[in-house]
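Please read the structure below before turning to the comments.
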Amino acid sequence: MQTISFINKSTNMKKLILIISVVLAANFSIAQTSDKFTKAMEQRIAMIDSTQGPDAWKEMTNAFERIGDAEKTQWLPYYYAAFGHILIGYSYWTGQMGNATDKMDPEADAAEKMLDKAISLSKETSETWIIKKMIASLRMMGDPMNRYMIYGPQADEALQKAKELDAGNPRVYLLEGEDKFQTPEQYGGSKEEAKLLFDKAKSLFESFKPESSIHPNWGLPRLMYYFSQYK
């Protein structure tokens with residue numbers, strides 16, 4: 001009987017060791033996959049503030065979408081893909097009041113598609129509402145004279161929602177300042193009011209800590225460009 005008991009204990013111990021080994025191997029595999037994903041994202045994110053021009057932004061945007069399609073459960077690649085399409089769309093704006101919807105609308109549509117994927121994998125956040133604001137602004141910029149009354153309020157509402165969800169998000173005040181800076185004074189714009197908003201954004205950037213190395217942290221170089229316009 002003692003021999004049988006010993007054999008049973010030995011067998012159970014082997015099973016336990018096998019289970020532990022399988023769990024450890026699985027965890028190691030997951031860690032490797034997570035590390036690979038993070039490194040791929042960090043490499044592309046580093047390009048956001050340094051990449052210039054629609055062709056380069058297209059390459060960056062496509063890379064984020066490929067990462068998202070490969071991972072399937074991660075929302076951040078699609079968030080950045082949406083942001084990339086917005087940058088491409090902005091590059092087609094000439095600053096004139098003419099109609100540029102033929103180039104800007106497709107990018108707004110693509111950004112909206114990517115953002116919907118991001119939200120479906122996570123939830124609405126201050127950052128996703130910021131992207132919604134930028135999409136509305138992009139649509140408006142395509143034909144300001146005819147679209148201001150439609151997309152202007154949508155952009156304002158989205159930015160207010162972003163602020164409600166995170167009043168400490170510096171990108172909220174960066175975009176709010178941009179609107180004040182770019183809008184003619186007769187329509188409510190003000191360089192002085194914009195400067196106050198840029199100052200607030202700068203203060204928040206100094207203390208802002210993203211959730212991880214791949215969570216949204218863009219905007220500071222963009223903000224510094226506006227400060228340079230006051231010299």
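No lab work stands behind these numbers, since they all come straight from the coordinates. It should be emphasised that the depicted structure is a prediction, and the values quoted were computed from it without experimental measurement. We place every Cβ from the backbone using ideal geometry, glycine too, and count neighbours over all the protein chains shown.
Based on the Kirkwood approach, the hydrodynamic radius assigned to the range 73-216 is 15.6 Å, with every pair of different Cα atoms included. The simple Förster model, with R0 at 30 Å and r as the Cβ-Cβ distance, assigns Tyr187 and Thr73 a FRET efficiency of 0.10.
The Cα trace of the range 108-154 gives Rg and Dmax of 11.5, 36 Å, the first to one decimal, the second as a whole number. Between Asp116 and Ala56, the contour length at 0.36 nm per residue exceeds the alpha carbon distance by 19.2 nm. Cross-link partners among aspartates and glutamates for Lys191, C-alpha distance below 15 Å, same-chain residues fewer than 8 apart left out? The reachable aspartates and glutamates, counting only those whose Cα sits under 15 Å from Lys191, are Glu176, Glu178, Asp179, Asp199.
For the cross-link pairs Lys103/Lys163; Lys132/Lys163; Lys72/Lys202; Lys58/Lys209; Lys103/Lys133; Lys103/Lys180, which exceed 23 Å when the distance is taken from alpha carbon to alpha carbon? Pairs exceeding the cut-off: Lys103/Lys163; Lys72/Lys202; Lys58/Lys209; Lys103/Lys180.
When peptides 70-78, 85-93, 210-218, 126-134 are ranked by their average number of other Cβ atoms within 10 Å per residue, the highest-first order is 126-134, 85-93, 70-78, 210-218. The label-point distance for Thr101 and Met145, in a model that sets each label 7 Å from Cα toward Cβ, rounds to 1.3 nm.
In the range 177-231, Rg over Rh equals 1.06, where Rg is the alpha-carbon radius of gyration and Rh the Kirkwood radius from pairwise Cα distances.
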